[in-house]
Amino acid sequence: MQIHSNTPYTANTTPVAPSSVNQAVTAANQAQVATGSPLPNITDTVTLSAQALALSQQPPMTSKDAETLPVTPNLPNQGEKVDDYVEFRKAKAQYQVYSDIAGMATGNSNNISAPTAYYLSNNDEARSAVVDNKAQQQNVSAMQAYAQASQDAQEWYE
């Protein structure tokens with residue numbers, strides 16, 4: 001990192017205890033509150049490391065020093081590795097779709113992933129099967145609730 005400035009600067013490299021600075025600022029603030037007078041000029045000191053001083057004294061880089069990047073980047077995984085990765089991602093998405101549909105068919109899951117939603121939005125037969133399955137599950141649930149309510153009513157009358 002380089003610092004460019006037209007104004008000369010001096011670097012104070014002596015460490016300053018933070019508590020003494022805080023006490024001076026607090027005292028100045030209290031004096032202003034008490035007397036209503038403006039704050040005195042407070043100077044800030046900055047401590048620069050030796051590395052920062054060395055970097056600030058380097059000449060600025062020119063455009064000739066900068067590295068020119070290629071027009072099209074070279075991908076590290078070209079060819080067969082990319083094809084293998086694409087096949088892996090397809091298999092993973094296909095497994096996720098099958099897993100979600102199996103979960104919905106058995107009633108174990110009501111959630112679907114993004115690949116499953118995409119698959120169902122583009123496949124009318126699969127979407128129809130899932131909707132029919134959900135309707136059947138809802139009917140079974142309603143019948144179970146009715147059977148339980150009937151049994152409870154029967155027990156109440158006995």
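Within segment 112-128, being in contact (Cβ under 8 Å) with a residue 12 or more places away in the chain and not hydroxyl-bearing (Ser, Thr, Tyr) holds for 112, 115, 126. Checking each residue in segment 115-158 for being within 22 Å of residue 90 (Cβ to Cβ) and open to solvent by 80 Å² or more (accessible area, probe 1.4 Å) picks out 118, 119, 122, 124, 125, 127.
The values are calculated or read from the model by the stated rules, or taken from the named source; none is laboratory data. As the structure is a computational prediction, the values presented were derived from the model and not from experiment. As a convention, Cβ positions derive from the backbone with ideal geometry for all residues, glycine included, and neighbour counts pool all protein chains shown. Note: areas computed on protein heavy atoms with side chains; ligands, DNA, RNA excluded. Shrake-Rupley method; radii C 1.70, N 1.55, O 1.52, S 1.80 Å.
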